[in-house]
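The values are calculated or read from the model by the stated rules, or taken from the named source; none is laboratory data. Worth saying up front: this structure is predicted, and the values here are computed from it rather than measured. We place every Cβ from the backbone using ideal geometry, glycine too, and count neighbours over all the protein chains shown. Ligands, DNA and RNA are stripped out before the accessible areas are found, and what is left, the full protein with its side chains, is counted by its heavy atoms. Shrake-Rupley method; radii C 1.70, N 1.55, O 1.52, S 1.80 Å.
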Amino acid sequence: MILQPSEFKRKLFFTFFDIGIIIIATLIAFALRFDFDIPQKYFNSIYIVISILIMARLSLFYYFRVYDISWRHFGFKDTTSLVYISVFSTLFLVLVSYVLHETEYIIPRSIIPIEFFISLFMMLALRISKRLYLESYKVNVNGKNTIIIANLDKANNILRTINTKESEYYPVGIITTIKEKMKTNGVEVYSLDTFISLGIYCEVAIIDESVELGDMYEKLNSIGIQSIKVAGDYDDYGVAIKDIAVEDLLARHPKDLDKEVIQKFIKDKTILVTGAGGSIGSEICRQCEKFGAQTLILLDNSEFNLYSITEEIQSIKTVSVLQNVVNRSDLEVTFNKYKPDIVIHAAAYKHVPLVEENIYEGILNNIQGTQNVIDLSIKHNVEKFVLISTDKAVRPTNVMGTTKRICELYAQNSNGQGTDIVAVRFGNVLGSSGSVIPKFKKQIEEGKNITVTHPDITRYFMLIPEACELVLQAAAIGTGGEIFILDMGEPIKIVDLAQKMIDLSGRDDIKIEFSGLRTGEKLYEELLINETNCSTGYESITVAKSTPYELKKLSADIQELLETQEQLAKLKEIVPEFDHQLNK
């Protein structure tokens with residue numbers, strides 16, 4: 001149908017209107033300049049001005065894709081682009097008028113600023129007209145009473161999104177830290193305590209994603225607000241609003257994240273990431289892309305995982321390497337060919353029960369794989385090697401944690417050979433493969449009771465992107481030999497986590513069952529081997545005390561570990577604090 005919107009029709013519409021605006025603005029400018037009695041000798045000048053501006057402005061509009069902007073979503077950044085382009089095209093007209101000033105085609109200088117302001121006003125008015133019409137506070141008065149919890153800038157973005165007749169929300173207040181009484185866009189602004197004291201009926205809360213949601217969630221529930229949404233992905237066009245998830249409640253936003261330090265560390269570097277397709281490895285890759293790495297060498301032994309992350313990383317050069325870190329000769333080829341500046345080693349078997357059932361494979365992959373990557377990093381003069389470690393390496397009670405502790409020992413005691421080698425230790429990340437949250441979600445979706453191993457079991461948690469940013473920050477400040485520890489906040493009881501997930505699901509038919517601790521599983525995780533640690537200048541990152549272990553002896557012990565039939569005994573010899581916990 002002729003009225004059906006399309007990209008071609010939008011471009012054609014704005015092209016014709018912009019031509020019309022230039023013609024009208026030029027005629028008005030000349031009319032004002034000559035008091036509405038334009039001398040005939042300036043008629044040719046009018047044609048020249050119109051021709052030049054149409055050619056210059058429209059060419060720039062198409063080159064800078066101004067006509068690709070949605071009419072409905074025209075915003076502040078788009079306004080800035082329009083102003084810049086109008087200025088440049090007007091400057092071009094100034095240049096032409098200077099060239100013609102001694103010819104018969106004189107362009108009066110005064111008409112140039114007049115035309116500029118008239119045409120700019122008309123172009124902007126045209127482009128914001130639809131947005132003004134659609135967003136002129138046509139709120140759905142029958143929508144659910146909603147409060148917005150955000151700073152005023154973000155609250156205005158949220159209002160822009162929900163102030164439509166089709167919206168299911170009716171805003172009754174904005175909750176922020178501002179103390180004075182005020183309104184914004186017709187909506188009252190309150191402190192949370194004031195809002196609660198007024199007893200205003202409310203069904204829904206929309207909360208900015210940067211707000212610490214844990215305590216807020218409990219307060220809102222206490223005043224009867226059960227429907228809680230999270231707002232994120234802000235831009236000039238509005239905001240994405242989604243249901244609150246347990247990850248949002250547990251999220252911690254580090255206050256001392258130093259993105260400048262991370263960017264300086266990553267920018268223009270060739271970076272090899274092992275285990276690039278895993279939960280941590282893939283997010284490390286995304287962060288490296290975000291902070292401007294020159295080349296990413298993505299190494300993984302899973303074809304599907306490697307394909308997935310390769311397809312996702314698009315803005316920087318990538319190399320996909322389908323290899324296993326256990327195969328040293330293949331790794332050697334990769335190091336020789338691509339010569340990485342930084343190596344981030346995230347490849348590991350991490351699932352405790354699986355490693356307990358496959359002890360040799362866990363030792364081979366985790367320890368020898370790490371040994372291979374560290375040795376080759378040193379041999380090929382890599383600037384910095386970063387080992388991804390785990391809280392399960394502290395006083396380990398399972399084989400997986402013990403293998404990671406040996407990796408830490410090898411990393412610490414290999415330092416000082418030309419490559420700065422650091423390790424970063426942290427707890428569970430929210431939503432990683434095999435973690436409790438995806439498992440609990442699946443059980444809820446299937447209508448099954450949630451299984452928790454023990455009522456007192458606790459774990460540290462952090463969002464994957466935040467953990468990976470802190471990993472890169474720690475790596476950036478490391479000088480070699482450190483084991484960095486990320487501040488994971490307070491440990492969380494898994495039974496409380498399970499109950500919150502049930503509450504958020506709205507399923508009152510799902511209960512919690514206790515299945516008993518699994519082989520090698522701890523009730524409590526630790527991040528330090530002892531209480532001595534050093535600060536780094538960042539509260540979110542500290543350094544564990546080093547543990548000396550003569551490298552030749554450690555290498556010999558690892559070789560013996562790979563060959564012996566008494567692997568548990570040898571693990572205990574290398575890591576004396578290993579206390580293997582078996583199911584009774």
Any idea how far apart Asp215 and Ser329 come out in nm if each label point goes 7 Å out from Cα toward Cβ? 6.1 nm
Count of Lys pairs (Cα-Cα under 16 Å; at least 8 positions apart or interchain) in the stretch 347-487: 5
Projected onto their principal axes, the Cα atoms of the stretch 140-232 stretch, largest extent first, over whole-Å spans of 32, 28, 26
Would you work out what percent of the accessible area of the chain, with all protein chains in place, is carbon or sulfur (probe 1.4 Å)? 55 percent
Express in whole angstrom the spacing between the alpha-carbon centres of the stretch 12-91 and the stretch 405-481. 57 Å
Quick one: plug the Kirkwood hydrodynamic radius of the stretch 328-478 (C-alpha pairs) into Stokes-Einstein at 37 °C, 0.692 mPa s, and report D in µm²/s. 195 µm²/s
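State, as an integer percentage, the relative contact order of the stretch 244-400 based on alpha-carbon contacts under 8 Å between residues 6 or more apart. Let's see the in-between values first.
Working: 242 pairs, mean separation 34.0, N = 157.
For the stretch 244-400, the relative contact order is 22 percent.
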For the stretch 326-454, with only Lys/Arg (+1) and Asp/Glu (-1) charged at the beta-carbon, what is the dipole magnitude about the Cα centre, in debye rounded to 20? 260 debye
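With Cβ to Cβ distances under 11 Å as the rule, what net charge do the other residues near Lys384 carry (K, R +1; D, E -1)?
Numbers: positive: Lys269; negative: Asp341, Glu383, Asp420.
Net of charged neighbours comes to -2.
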Projected-area mean, the stretch 384-432, by convex hull of Cα positions, square nanometres: 3.7 nm²
Note down the net charge around Glu332, summing +1 for each Lys or Arg and -1 for each Asp or Glu among other residues with Cβ under 14 Å from its Cβ. +2
So what is the relative contact order for the chain, in percent, with contacts set as C-alpha pairs under 8 Å and at least six apart? 10 percent
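So for the stretch 298-367, what are the equivalent ellipsoid semi-axes in whole Å, largest first, each being the square root of 5 times an eigenvalue of the Cα gyration tensor?
On the way: eigenvalues 121, 51, 19 Å².
Semi-axis lengths for the stretch 298-367 are 25, 16, 10 Å.
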Pick out, from His580, Ser222, Pro396, the residue whose Cα sits farthest towards the positive end of the charge dipole of the chain, with +1 on the Cβ of Lys and Arg and -1 on the Cβ of Asp and Glu. Ser222
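Of all the C-alpha pairs in the chain, what % are more than 29 Å from each other?
Values: 113159 of 170236 pairs.
Cα-Cα pairs in the chain separated by more than 29 Å: 66 percent.
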Fraction in percent of alpha-carbon pairs per bin - 5 Å, the stretch 413-509: 2, 12, 18, 17, 14, 11, 9, 7, 5, 3, 1, 0
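With a 1.4 Å probe and all protein chains in place, put Tyr360, Tyr538 in order of accessible area, largest first. Don't skip to the end; give the middle numbers.
Working: Tyr360 90, Tyr538 45 Å².
I get Tyr360, Tyr538, largest accessible area first.
Give me the dipole magnitude in Debye, nearest 20, for the stretch 251-401 about the Cα centre, with unit charges on the beta carbon: positive for Lys and Arg, negative for Asp and Glu. Spell out each step's value before the answer.
Values: 17 positive and 19 negative charges, 97 e Å.
Computed charge dipole of the stretch 251-401: roughly 460 debye.
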Taking each pair of different alpha-carbon atoms in the stretch 230-372 once, compute 1/r for the pair, average those values, and report the inverse of that mean as the Kirkwood hydrodynamic radius in Å to one decimal. 17.1 Å
Which order do peptides 438-450, 257-269 fall in by mean Cβ count within 10 Å, highest first? 257-269, 438-450
Hey, can you rank 33-44, 148-159 by average C-beta count inside 10 Å, highest first? 148-159, 33-44
So if I restrict to the alpha-carbon atoms in the stretch 47-103, what is the Rg, and what is Dmax, the biggest pairwise distance, in Å? 13.5, 46
Between Tyr67 and Tyr98, how high is the FRET efficiency from 1/(1 + (r/R0)^6) when r is the Cβ-Cβ distance and R₀ = 41 Å? Nearest 0.05. 0.85
Whole-Å semi-axes of the ellipsoid equivalent to the stretch 2-125 (Cα gyration tensor, √5λ, descending): 28, 15, 13
With unit charges on the beta carbons (Lys and Arg positive, Asp and Glu negative) and the dipole taken about the Cα centre of the stretch 138-222, which residue among Asn151, Val204, Thr161 sits farthest to the positive side? Thr161
In nanometres, the difference between 0.36 nm per residue of separation and the alpha-carbon distance of Gln263 and Ser6 is 88.5 nm
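If R0 is 51 Å, what FRET efficiency do you get for Glu166 and Asp37 from their C-beta distance, rounded to 0.05?
Values: r = 53 Å, r/R0 = 1.03.
Calculated transfer efficiency: 0.45.
Among all helices in the chain defined by DSSP H, which have a length of 24 Å or more along the axis from Cα atoms plus a Kyte-Doolittle mean of at least 1.0? Don't jump to the answer; show the numbers that get you there.
Working: long enough: 7-33 (39 Å, 1.30); 43-63 (30 Å, 1.58); 76-99 (35 Å, 1.41); 111-134 (35 Å, 1.44).
Those that clear 24 Å and a mean of 1.0 are 7-33, 43-63, 76-99, 111-134.
State, to one decimal in nm², a quarter of the convex hull surface area for the C-alpha atoms of the stretch 436-479, i.e. the direction-averaged projected area. Could you put the intermediate results ahead of the total?
Details: hull surface 18.4 nm².
About 4.6 nm², averaged over all directions.
Take every Cα pair under 8 Å in the stretch 308-389 that's 6+ residues apart, average their separations, divide by the length, and report that relative contact order as a whole percent.
Values: 67 pairs, mean separation 33.1, N = 82.
In percent, rounded to a whole number, it is 40.
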Starting from the coordinates of the alpha-carbon atoms of the stretch 342-400, obtain the Kirkwood hydrodynamic radius over all distinct pairs and give the value in Å to one decimal. 12.3 Å
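About the Cα centre, and with charges only on the beta carbon of Lys, Arg (+1) and Asp, Glu (-1), how big is the dipole of the chain? Nearest 20 debye, please.
Working: 61 positive and 75 negative charges, 297 e Å.
With Lys and Arg at +1 and Asp and Glu at -1, about 1420 debye.
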Theoretical FRET efficiency, 1/(1+(r/R0)^6), r = Cβ-Cβ of Ser546 and Glu513, R0 51 Å, to 0.05: 0.75
Can you pull the three principal axis extents for the Cα set of the stretch 440-569, in Å, largest first? 58, 45, 24
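Residues of the chain: accessible area per residue at 1.4 Å, in Å²? Please list the in-between numbers first.
Numbers: 28360 Å² over 584 residues.
Accessible area per residue: 49 Å².
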